[in-house]
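Here the structure is laid out as structure tokens; the discussion comes afterwards.
The values are calculated or read from the model by the stated rules, or taken from the named source; none is laboratory data. Remember, it's a predicted structure, so these values are computed and weren't measured experimentally. Here the Cβ positions follow ideal geometry from the backbone for every residue, glycine too, while neighbour counts run over all protein chains shown.
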Amino acid sequence: MNYPTHIVAIMGAVWNSEGKILLVRSPKRGWEPPGGQVENGEDILSALKREVMEESGIDIKIKRLIALYSNLSDTTKLMLTLEATAVGGTLQTSEESLEAGWFSPSEAIEKVTHPAQKQKLQDALNGSEGIIYRVYRTNPYELFETVML
């Protein structure tokens, strides 16, 4: 039997004490919330903390799950968006981020242009109390289904 192989990825909606959200500018997709793939043997919480630190220099405390996404493009991906609070660190860049900064929600929505990342950011900013589940495909972006859990 062939077992399915999925990539698991995480994204952080990271807030600071001034009510601003953290964005990084990646070489691939432009401005977006920090995140990336969960490595083998790594749990999703540790993965998000590692990715946010690597991409922005910010330490976080994770608060809650906001959304789940299934990307049905070439390689199937399961992605999770988690809300977090900044608890330390200093903004910095890395090989994965050309810039990092704190932005008001309206500034953040203006900066993020990649369709899938923009949708995820909008979901994080909407403040829903339930968990959002979306199914989509990229290139071009096409949303197939949305369910509130």
In segment 84-108, the residues that are modelled with pLDDT of 95 or more and either buried (at least 18 other Cβ atoms within 10 Å of the Cβ) or small (Gly, Ala, Ser) (or both): Ala84, Ala86, Gly88, Gly89, Ala100, Gly101, Trp102, Ser104, Ser106, Ala108
Strands (runs of 3 or more DSSP E) wholly inside segment 40-147 that include at least 3 residues being out of contact with any His (no Cβ under 6 Å at 6 or more places or on another chain) and within 22 Å of Thr5 (Cα to Cα): 58-71, 77-89, 132-137
Which listed residue, of Leu22, Leu68, is surrounded by 16 or more Cβ atoms within 10 Å (Cβ to Cβ), out of contact with any Pro (no Cβ under 8 Å at 6 or more places or on another chain) and touching a residue at least 40 places away in the same chain (Cβ under 8 Å): Leu68
Residue within segment 34-47 that is touching a Gly at 6+ places or on another chain (Cβ under 7 Å), surrounded by 15 or more Cβ atoms within 10 Å (Cβ to Cβ) and not charged (D, E, K, R) present: yes
Any hit, segment 101-110, residues being closer than 19 Å to Gly36 by Cβ and under 17 Å from the mean Cα position of the chain (by Cα): yes
Residue that is surrounded by the fewest Cβ atoms within 10 Å (Cβ to Cβ), among those in segment 126-149 that are polar (S, T, N, Q) and at pLDDT below 95: Asn139
Boolean, Ser26 is among the hydroxyl-bearing types (Ser, Thr, Tyr) and closer than 17 Å to Thr138 by Cβ: yes
